[in-house]
Amino acid sequence: MPSGFVTRTAGKVADRVPGLRRVPVVQLLSAAEIALLTRDHVMRLTPDERRRLLTLVRIGRGRRARLTEAQRTELEQIVAKLAPRTLVGEAVSKLSPVPLPRRLTHGPKRR
């Protein structure tokens, strides 16, 4: 059971951060878990690849047509290295109350 000091400190922090009292703790923990999973996947890239990814995203501004064919290919290779399907599968399995089949979280078997 938390001591009075811990409870008071947490209350003071919640008072100083706007909107924090309105967010349920479960949602905060879920968001933190997803952030940690995302960080693990981003850390798979080298620092140069991370910088280049940001540069390409800024150039494209959410539109593939703004990138040249070479830039699109480079962006696809960098994103593939992040393993987005695995990231989504891990996030879903972390947040799901029941175990999900591996084929749903990690995709079909490769033959």
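Remarks
- So ASP48, is it over 19 Å from the mean Cα position of the chain (by Cα), among the charged types (D, E, K, R) and loosely packed, with under 14 Cβ neighbours inside 10 Å: yes
- Filter result for the condition that a residue is touching a residue at least 12 places away in the same chain (Cβ under 8 Å) and touching an Asp or Glu at 6+ places or on another chain (Cβ under 9 Å), over LEU95, LEU45, LEU75, LEU104: LEU95
- Residue in region 10-18 that is assigned to a helix (DSSP H, G or I), surrounded by 12 or more Cβ atoms within 10 Å (Cβ to Cβ) and either of a type outside the set (Gly, Ala, Ser) or modelled with pLDDT of 85 or more (or both) present: no
- Within region 59-90, being surrounded by fewer than 10 Cβ atoms within 10 Å (Cβ to Cβ) and among the small types (Gly, Ala, Ser) holds for GLY62, ALA65, ALA70.
- Qualifying residue in region 70-80 (condition: of a type in the set (Gly, Ala, Ser) and within 28 Å of GLN27 (Cα to Cα)): no
- Residues that are within 22 Å of GLY89 (Cβ to Cβ) and acidic (Asp, Glu) within region 50-79 comprise just one, GLU76.
- Reported count of residues in region 87-111, each being under 19 Å from the mean Cα position of the chain (by Cα) and closer than 24 Å to VAL26 by Cβ, is 12.
- Residue list for region 72-111, filter: over 28 Å from THR46 (Cα atoms) and hydroxyl-bearing (Ser, Thr, Tyr): SER96
The values are calculated or read from the model by the stated rules, or taken from the named source; none is laboratory data. Computed from a predicted model, the values in this text were never measured in an experiment. Cβ sites come from the backbone with ideal geometry, for glycine too, and all protein chains shown count toward neighbours.
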